[in-house]
Amino acid sequence: MIRSFGIPDPGPLLDLVPDHRPVLWLRGGDGMVGWGEAARFETTGPDAFDEAARWWREWLSGHRRQGAPGPVAFGSFGFAGGRSVLIVPRVVIGRLGGVTWQTIVDDAEPAGTTARRPVPRVRWLEDGAEFERWDAAVCEVLRRLRDTSLAKVVLARGIDGVLDDVLDLRTAVGLLADRFPTCWSFAVDGLFGATPELLVRTASRAVSSLVLAGTSWDDRQLRNTGRIAAEHAYAVRSVVDALRQSGAELDPCGEPEMLRLANVTHLATKVTGRLADGVQSVSLAGRLHPTAAVCGTPTRQAFDTISEVEGIDRGRYAGPVGWMDADGDGEWCIALRCAQAEGRSVRAFAGAGIVEGATSSVEWAEVAAKFGAIRGLFADDQVLAGCR
Ligand SMILES: C=C(O[C@@H]1C=C(C(=O)O)C=C[C@H]1O)C(=O)O
């Protein structure tokens with residue numbers, strides 16, 4: 001039996017969650033926190049999204065439900081068909097627009113919580129050859145942009161850190177939520193971060209997406225002209241095309257706006273419309289993924305170029321991360337400005353879109369600025385050169 005009921009406002013959601021493998025989804029005071037696992041689904045491969053949708057429907061059909069809003073499944077999908085996961089917490093406490101509720105699966109007892117622990121110290125393992133590898137990858141992409149029909153490729157880097165204690169995800173996500181109140185701060189199965197990019201949200205038949213591409217990270221003005229405008233347009237087009245192919249009727253897109261975050265500013269376009277009946281948010285996320293914001297244009301060639309040139313396993317970075325309810329409605333973001341925590345190690349990811357005219361040093365600086373979201377968590381951020 002799954003029971004959902006309203007509760008008096010319990011104060012900060014993060015204060016309610018036990019430390020052990022919490023599931024967190026926060027934005028500007030609203031959000032959901034969950035713990036315990038009533039069910040978990042893991043899969044790999046390109047059909048992960050439809051498999052997840054099917055699994056969720058089957059799981060729901062085996063459970064009686066009472067009250068609203070009902071159970072929620074949180075998910076995080078591999079960028080390139082790697083491991084994807086759905087988690088149905090035993091207990092979820094949520095807040096949206098001043099309304100607070102709790103959902104309990106099979107009469108789970110609310111667990112005792114402990115105080116949030118401070119962020120541990122980190123040593124980032126970066127060696128001197130890191131820029132050379134990046135430079136070689138960017139040059140190879142620029143060559144392909146010149147010589148083939150490729151128009152945009154998003155290249156990413158991963159950096160490893162060694163912690164002197166296990167990271168308390170509640171602390172990390174709390175700090176991210178404070179610093180990035182307009183982002184979605186999350187932790188799902190050890191992947192945590194604060195992403196500014198909404199891949200798709202569905203609420204009944206309403207659909208929306210917030211497409212980002214084009215970044216500035218210092219005092220220089222982000223100008224919506226030339227190269228940046230082209231880079232942004234590719235990303236918007238990939239979302240609009242995929243939504244239309246899924247039968248959505250879209251409103252006309254407005255001009256891109258500036259989305260100012262604590263470490264970077266992005267060009268952002270909001271896409272809104274209405275869906276055909278019966279489209280589940282997770283299947284839609286699967287049809288939209290990977291957009292040109294994290295892969296490139298044309299998708300297939302950009303995807304192949306990433307696997308040939310990038311030299312890292314993205315894992316669940318740049319894949320959809322989010323949640324869905326029992327009606328299949330939900331909110332799926334793109335897992336950016338994030339890191340994977342595993343015991344005392346942490347692996348952070350960041351990337352940038354490469355289009356004609358890009359230079360590796362400028363893109364390097366852009367990626368470094370994006371790493372700032374995760375690196376900024378660690379006050380004593382130090383680089384241990386020559387470690388790898
Ligand atoms: C790839 C990342 O960000 C994406 C790439 C952007 C760009 O190239 O300008 C901007 C926002 C995101 O769509 C990242 O944060 O790792």
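What follows is calculated from the coordinates using simple rules that are stated; it is not laboratory data. If you're wondering where the values come from, they're calculated on a predicted model, not measured in any experiment. Neighbour counts run over all protein chains shown; Cβ positions are idealised from the backbone, glycine included.
Its Cα gyration tensor gives the range 191-313 an equivalent ellipsoid, and the semi-axes of that ellipsoid, as √(5λ) in whole Å with the largest first, are 24, 19, 14. Along the charge dipole of the chain, Cβ charges K/R +1 and D/E -1, which of F77, A233, V92 sits furthest on the positive end? Result: A233, furthest along the dipole toward the positive end. Placing pseudo-labels 7 Å out from each Cα toward the beta carbon at R274 and A68 gives an inter-label distance of 2.0 nm. Rounded to the nearest 500, the helix-only mean residue ellipticity at 222 nm of the chain stands at -8000 deg cm²/dmol, with each DSSP H run of n ≥ 4 adding -39,500 (n - 2.57). Pairwise inverse Cα distances across the range 225-374, averaged and inverted, put the Kirkwood hydrodynamic radius at 17.0 Å. Say R0 is 30 Å: what FRET efficiency, to the nearest 0.05, do E130 and R237 get from their beta-carbon distance? It comes to 0.40.
Around the Cα centre of the chain, unit charges on the Cβ atoms of Lys, Arg, Asp and Glu (plus for the first two, minus for the last two) sum to a dipole of about 360 debye. So if we plug the beta-carbon distance of Q245 and R146 into 1/(1 + (r/R0)^6) with R0 = 45 Å, what FRET efficiency do we get, rounded to 0.05? Once rounded, the FRET efficiency stands at 0.90. At q = 0.12, 0.20, 0.22, 0.26 Å⁻¹, what log₁₀ I(q)/I(0) does a Debye calculation on the Cα points of the range 128-210 give, no solvent, two decimals? Normalising to I(0) and taking log10 leaves -0.67, -1.01, -1.04, -1.16. Computed over the alpha-carbon pairs of the chain, the distance histogram in 20 Å steps reads 29, 59, 12, 0 percent, short to long. Across the range 1-115, the relative contact order, built from alpha-carbon pairs under 8 Å that are at least six residues apart, equals 41 percent.
Given R0 = 35 Å, the distance between the Cβ atoms of M258 and R54 translates into a calculated FRET efficiency of 0.30.
Per the Debye formula on identical point scatterers at the alpha carbon atoms of the range 1-59, with no solvent, log10 I(q)/I(0) at q = 0.12 Å⁻¹ is -0.45. Listed from fewest to most Cβ neighbours within 10 Å, the set F371, F49, F186 follows the order F371, F49, F186.
Farthest toward the positive end of the dipole of the range 1-126, out of P18, P46, L125, is the Cα of L125, where the dipole comes from beta carbon charges about the Cα centre.
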